[in-house]
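Read through the structure below, which is laid out as structure tokens, and then see the notes.
The values are calculated or read from the model by the stated rules, or taken from the named source; none is laboratory data. Quick caveat, the model's predicted, so the values are computed rather than measured. Because the Cβ atoms are built from the backbone with ideal geometry, glycine has one as well, and the counts that use them run over all protein chains shown.
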Amino acid sequence: MAYRDPLTGLWNRRYFEERLKEELGRSQRAGLGRRFSVMVLDLNDFKATNDRYGHPVGDSVLKDVGQFLVTHLRGHDVACRTGGDEFTVLLPDLSADDCGHLIERLRTGLAATNGERRIPISLSLGTASWPEVGDSVDALLTRADAAMYADKNQHKSQQTAGGRRAVQRPAPSRRPRTTTRRVRVTAAV
């Protein structure tokens, strides 16, 4: 069975599922001294790109994202294409705090390369880390997926003004608000 995505050259979903179980097991055996994180990435407005420019251009965008991940991740991170415009990265030895730094580095790097492309690329990202979210593959994926969808919803709530995205910041609240919503899990194992 093949483990590589033929379009991007990244690992595929089958490989991702096997490695995720292995990495989680390795972290559990090592105890709290070994952290492990998962990052879920999804291209924003990718359907519109395919509709407007055609699938060959969409394929080129996917290849660009794959190459971007390979060049902007650590050598032992495992980048996978797990769906049409969905990517997942296994991040051994990376804590929840370090994930925030990685996300910022990816966003900055992607923004810097957008000037070189005919079509700008925007990603929504979410992460989850062991042991903070529990001891199961499902817990990690559900939390990372929920964080990615929250990021995507924030992206969609931004208004376009003069071709640029302007972030709307809500007024400060005196009481913290919590909401509950259903999340579609796209990377079920």
TODO: Looking only at the stretch 41-56, decide whether some residue is of a type in the set (Val, Ile, Thr), over 22 Å from Glu104 (Cβ atoms) and not in a helix (DSSP H, G or I).
DONE: no
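Quick grid of which residues meet (1) surrounded by fewer than 14 Cβ atoms within 10 Å (Cβ to Cβ); (2) more than 15 Å from Ser129 (Cα to Cα); (3) in contact with a Phe, Trp or Tyr (Cβ under 8 Å, 6 or more places away or on another chain); (4) basic (Lys, Arg):
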| site | (1), (2), (3), (4) |
| --- | --- |
| Glu17 | no, yes, no, no |
| Gly25 | yes, no, no, no |
| Arg34 | no, no, no, yes |
| Leu62 | no, yes, no, no |
Open item on the list: Here is a check on your reading of the model: is Leu125 at pLDDT below 90, within 30 Å of Asp51 (Cβ to Cβ) and touching a helix residue (DSSP H, G or I) at 6+ places or on another chain (Cβ under 7 Å)?
Closed with: no
- [ ] Provide a single number: the residues in the stretch 58-97 that are farther than 15 Å from Arg19 by Cα, modelled with pLDDT of 90 or more and either over 11 Å from the mean Cα position of the chain (by Cα) or outside any strand (DSSP E or B) (or both).
- [x] 21
